[in-house]
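We did not get these values from a lab; they are worked out from the coordinates using the rules stated. Computed from a predicted model, the values in this text were never measured in an experiment. Note: ideal-geometry Cβ built from the backbone for every residue, glycine included; neighbour counts use all protein chains shown.
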Amino acid sequence: MAYKKPLPRINGDNREFWEGCRNHELKFQKCASCGHVRFPPSLVCPRCLCRDVEWIASAGAGKVYTYAVYHAVYHEGFREDAPYVVAVVELQEGPRLLTNIVGCSPDEVSCEMPVSVVWEDVTPDISLPLFRPSV
């Protein structure tokens, strides 16, 4: 069955991130000058404007920074999921990532809730990082 939800648009700026996801690895840019870890990827560090960057792997653990429960269906691909949680997860390394919380009911989600990454392989080339409550 074909995946019916929107897929990310992969380009030169985010290719390294999505290749990491395909291999079930969260990767983020780290400034080679000041050490700032950032997401989304960018050409220059927003703190010091350095262009030198390295990609680092995240442990995949963090906490819910904020969230919303979607009851309405804004895209047909999400009909079977409603209600579902869209959240900003703050990872231990610092970056915040817009994602979904899965593996629990929306009523169980709260800010500061510890979460860890799980992967949804949606096509042969794309795996999406989702998060579930940590045990």
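Data overview
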{"item": "Amide N of the stretch 46-69 lying under 19 Å from the label point, which is placed 7 angstrom from the Cα of residue 110 along Cα→Cβ", "result": "62-69"}
{"item": "Spin-label proximity, residue 125 to the stretch 1-27 - amide N less than 17 Å from point 7 Å beyond Cα toward beta carbon", "result": "2-24"}
{"item": "Residue 24 paired with residue 84, simple spin-label distance in nm, labels 7 Å along Cα-to-beta-carbon", "result": "2.1 nm"}
{"item": "Whole-Hz ³J(HN,Hα) from phi, Karplus 6.51 cos²θ - 1.76 cosθ + 1.60, for the stretch 28-37, glycine and proline x", "result": "10, 7, 10, 5, 6, 8, 9, x, 5, 9"}
{"item": "Expected 222 nm ellipticity per residue - DSSP helices of 4 or more, -39500 (n - 2.57), all of the chain, to 500", "result": "-1500 deg cm²/dmol"}
{"item": "Stretchable slack from residue 33 to residue 71, in nm (0.36 nm times residue separation minus alpha-carbon distance)", "result": "9.3 nm"}
{"item": "Long-range Cα-Cα pairs in the stretch 1-53 (distance over 16 Å), rounded percent", "result": "49 percent"}
{"item": "Compactness relative to 2.2 N^0.38 Å, alpha carbon Rg of the stretch 29-105", "result": "1.39"}
{"item": "Rounded to the nearest 20 debye, dipole of the chain from Cβ charges on Lys, Arg, Asp, Glu", "result": "340 debye"}
{"item": "Label-point separation, residue 118 to residue 2 (7 Å along Cα→Cβ), nm", "result": "2.7 nm"}
{"item": "Other-chain or far-sequence residues with amide H under 5 Å of residue 100's (modelled H)", "result": "87, 131"}
